[in-house]
Amino acid sequence: MRFILIDKVVSMEPGKSIRAVKNVSLAEEYLGDHFPSFPVLPGVLLLEGMIESASWLVRLTENFAHSMVLLEQAKNVKYKSFLAPGGKIEYCVEAKVIEENVSSFVGKGVRDGELIVEARFALKHFNLADKDSKMASVDSEVTENMKNRWKLLDGLNNN
């Protein structure tokens with residue numbers, strides 16, 4: 001099962017901040033298990049939505065220089081409420097720093113003006129070919145797939 005936890009990017013300032021939204025549908029597979037009589041977006045996926053948003057900020061700031069953008073560390077994650085099907089969350093992520101191979105952020109998720117999750121976190125970014133030159137073609141394929149996905153998420157130019 002593959003999760004895509006943002007539907008559209010609604011604003012972005014390269015190197016500084018990004019805002020993205022996710023609409024939760026009852027049709028999403030994980031809701032069958034979490035929890036059948038009280039379906040809500042799992043907390044770890046609320047956090048992942050912030051991480052995914054920040055990953056796009058890194059990719060766009062660095063012009064897709066790295067195939068891998070992964071969570072390095074999450075701190076002070078605070079869950080304040082639930083997000084049920086039919087709900088919409090807006091992720092607001094600000095970069096503290098984006099460097100060549102690491103970045104750090106503060107983020108929050110808001111539903112109808114109510115804070116439901118917040119965190120500080122760091123990402124690492126790299127290419128697989130950095131350790132094994134034979135992986136350059138995989139880096140290229142992943143980067144191309146990310147560029148194509150961006151075309152679907154780019155609410156700034158594709159309304």
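Couple of notes before you dig in:
- Within segment 1-14, residues that are free of Cβ contacts under 8 Å to residues at least 60 places away in the same chain sit with their Cβ atoms under 6 Å from residues that are part of a strand (DSSP E or B) and not hydrophobic (A, V, I, L, M, F, W, C), at 6+ positions apart or across chains, in these pairs: 5/22.
- When residue 4 is tested against (1) within 20 Å of residue 148 (Cβ to Cβ); (2) among the aliphatic types (A, V, I, L, M); (3) surrounded by 19 or more Cβ atoms within 10 Å (Cβ to Cβ), exactly one condition is not met: (3).
- The lone exception for residue 15 - which of (1) more than 16 Å from the chain's Cα centre (by Cα); (2) assigned to a loop (DSSP other than H, G, I, E, B) it fails: (1)
- Residue check for residue 48: charged (D, E, K, R) and at pLDDT 95 or above: yes
- In the set 152, 115, 156, only one residue is within 30 Å of residue 82 (Cα to Cα), out of contact with any Pro (no Cβ under 6 Å at 6 or more places or on another chain) and assigned to a loop (DSSP other than H, G, I, E, B); that residue is 156.
- Whichever residue in segment 108-127 is among the small types (Gly, Ala, Ser) and under 16 Å from the mean Cα position of the chain (by Cα) and, among such residues, is nearest to residue 46 (Cα to Cα): 109
- Contacts under 6 angstrom Cβ, first residue in segment 76-92 being over 24 Å from residue 37 (Cα atoms) and in contact (Cβ under 8 Å) with a residue 60 or more places away in the chain, partner surrounded by 15 or more Cβ atoms within 10 Å (Cβ to Cβ) and among the β-branched types (Val, Ile, Thr), 6 or more apart: 90/21; 90/110
- Condition met for residue 140 (under 20 Å from residue 5 (Cα atoms), small (Gly, Ala, Ser) and surrounded by fewer than 18 Cβ atoms within 10 Å (Cβ to Cβ)): no
- Candidate set from segment 21-39 (those that are among the aliphatic types (A, V, I, L, M) and at pLDDT 85 or above); member that is surrounded by the most Cβ atoms within 10 Å (Cβ to Cβ): 24
- Test: residue in segment 134-152 that is touching a residue at least 60 places away in the same chain (Cβ under 8 Å), farther than 17 Å from residue 24 by Cβ and among the aromatic types (Phe, Trp, Tyr): yes
- Checked against (1) at pLDDT 95 or above; (2) in contact with an Asp or Glu (Cβ under 8 Å, 6 or more places away or on another chain), residue 18 passes all but condition (2).
- Some residue of segment 82-104 being loosely packed, with under 13 Cβ neighbours inside 10 Å, assigned to a helix (DSSP H, G or I) and not polar (S, T, N, Q): no
The values are calculated or read from the model by the stated rules, or taken from the named source; none is laboratory data. The shown structure was predicted, so the numbers you read here are calculated from the model rather than taken from an experiment. Positions of Cβ are generated from backbone atoms using ideal geometry, with glycine treated the same way; all protein chains shown enter the neighbour counts.
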